[in-house]
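The values are calculated or read from the model by the stated rules, or taken from the named source; none is laboratory data. If you're wondering where the values come from, they're calculated on a predicted model, not measured in any experiment. Cβ coordinates were reconstructed from backbone atoms using ideal geometry, including for glycine residues, and neighbour counts include every protein chain displayed. Keep in mind that these areas ignore ligands, DNA and RNA; they rest on the heavy atoms of the full protein, side chains included. Shrake-Rupley method; radii C 1.70, N 1.55, O 1.52, S 1.80 Å.
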Amino acid sequence: MKNFSFVLVFSLLTLSGLRAQDWTMKLTSVVEKDDKGLSGATITLTKGGSVVTTIQSGGNGDFVLNIPANGDYIVTVSYPGCNPKKFQVSTIGVPEDKNTDNSKLGMKIEGVTMSKPIKGVDYSILNQPLARISYNTSKKNFSDEEAYTNQMLGSLIKVKEQEKIIMDKYNASIKTGDGALAKADCDNAKLNYEKALGLLPDEQSAKDKLAAADKCKKDKDDAAKKATDEAAAKAAADKAAADKAAAEKLAKEKAAAEKAAADKAAADKAAADKAAAEKAAQEKAAAEKLAKEKELEAKAVADKAAADKAAAEKAAAEKAAQEKAAAEKLAKEKELE
């Protein structure tokens, strides 16, 4: 049988018969995810839409499903979050000589790969069975219908091509994001990781990378904020120092100006006091001089008055003496007469 690529591979086991009325076909396989056995996958056997039996894959992903004889069945392998896979199995038409007592009719599917659906990919083909398995009388064993298998393979290749296109875009976004993150271009890294997550929303590695980009951006923003805060603190400290220096300079200049003003006021007062003293001295000297001049003038007047009086008195005395002499002369003359 042909390979289903990433979906499944079939190989046949030897077939032997059991009793026609109660024999079962043993369908065995391993459920895988991310190249590892997947435990807890659900294997459901239905007939005509009704559930016949349900089992779970074991710790290594393996399972054995007993399919009853003489019926058409659908085997569905499912796991939460993954695309289910279906197989059509018919146990009708097995010759009686092949289902006698102790026969071991069975078949093995080498691997059923479970994968998460990718947004934008058309998986409607998976609504159909991936293979139709029935008893092949010419091969005397169970096998798939080759024509149907080839048709499904063609459809699955188209699905894979769709997935590859999206995966290529996803990987390109991741690669670009990784390159940006390596250069600490956090915004560009975040943009590309978000683009990748838009393609595969459930991809944990992309979520982790986006978290790393967010941390990168936060660290970068914190560093920038720290640098800004430090620059602001330094600027504030420098301004405070400059303001203090300016205030001290202003205070010093003010003190110097006040001292200069006080010194000038003192000098002006001293000059004014000196001028006032000099003026007072000058006025006093002038007053004293005037008083002395007046005193001298008064003395001169008095002296003149005294001189005039003395002269007048002398003149009066001389006149009186003259008059007396004249009188005496006249009297003597009269006497002599």
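Would you check if Tyr193 is closer than 27 Å to Asp221 by Cβ and out of contact with any Phe, Trp or Tyr (no Cβ under 8 Å at 6 or more places or on another chain)?
Yes, satisfied.
Have a look at Lys215, Lys175 and point out the one that is closer than 30 Å to Ile118 by Cα, part of a helix (DSSP H, G or I), modelled with pLDDT of 95 or more and open to solvent by 60 Å² or more (accessible area, probe 1.4 Å).
Lys175
State which residue is farthest from Lys116 (Cα to Cα) when the search covers only the range 178-202 and only residues that are touching a residue at least 24 places away in the same chain (Cβ under 8 Å) and not in a helix (DSSP H, G or I).
That would be Ala184.
Pairs, please: C-beta under 8 Å, at least 6 apart or cross-chain, first residue under 22 Å from Ala182 (Cα atoms) and without any contact (Cβ under 8 Å) to a residue 60 or more places away in the chain and in the range 217-236, second open to solvent by less than 70 Å² (accessible area, probe 1.4 Å) and assigned to a helix (DSSP H, G or I)?
Lys217/Cys186; Lys217/Lys190; Lys220/Cys186
Tell me yes or no: at least one residue of the range 78-89 is surrounded by 14 or more Cβ atoms within 10 Å (Cβ to Cβ) and without any contact (Cβ under 8 Å) to a residue 40 or more places away in the chain. If you could, list the steps in order and put the result at the bottom.
Looking only at the range 78-89, we keep the residues that are surrounded by 14 or more Cβ atoms within 10 Å (Cβ to Cβ), and these are 78-79, 82-89.
Still in the running and without any contact (Cβ under 8 Å) to a residue 40 or more places away in the chain: 78.
Scanning the range 78-89, I find at least one residue that is surrounded by 14 or more Cβ atoms within 10 Å (Cβ to Cβ) and without any contact (Cβ under 8 Å) to a residue 40 or more places away in the chain, so the answer is yes.
Quick check on my filter: what residues within the range 102-128 are closer than 18 Å to Glu32 by Cα, free of Cβ contacts under 8 Å to residues at least 60 places away in the same chain and not aliphatic (A, V, I, L, M)?
Pro117
Could you list all residues from the range 64-77 that are surrounded by 16 or more Cβ atoms within 10 Å (Cβ to Cβ) and either at pLDDT below 95 or aliphatic (A, V, I, L, M) (or both)?
Filtering the range 64-77 down to residues surrounded by 16 or more Cβ atoms within 10 Å (Cβ to Cβ) leaves 65, 67, 69, 73-77.
Passing the criteria: Leu65, Ile67, Ala69, Ile74, Val75, Val77.
State the number of residues belonging to the range 25-56 that are more than 30 Å from Glu203 (Cβ to Cβ), touching a residue at least 40 places away in the same chain (Cβ under 8 Å) and open to solvent by 40 Å² or more (accessible area, probe 1.4 Å).
Residues meeting the conditions: 1.
Counting just the residues of the range 181-211 that are under 21 Å from Met167 (Cβ atoms) and small (Gly, Ala, Ser), which one comes out most open to solvent (accessible area, probe 1.4 Å)?
Going through the qualifying residues, I end up with Ser205.
Kindly check whether there is at least one residue in the range 233-250 that is among the acidic types (Asp, Glu), open to solvent by 70 Å² or more (accessible area, probe 1.4 Å) and under 19 Å from the mean Cα position of the chain (by Cα). Break it down stepwise before answering.
Our first condition is that a residue be among the acidic types (Asp, Glu); within the range 233-250, this holds for 238, 243, 248.
Pick out the ones that are also open to solvent by 70 Å² or more (accessible area, probe 1.4 Å) and you get 238, 243, 248.
Among the residues that remain, those that are also under 19 Å from the mean Cα position of the chain (by Cα) are: none.
No - not one qualifying residue is present in the range 233-250.
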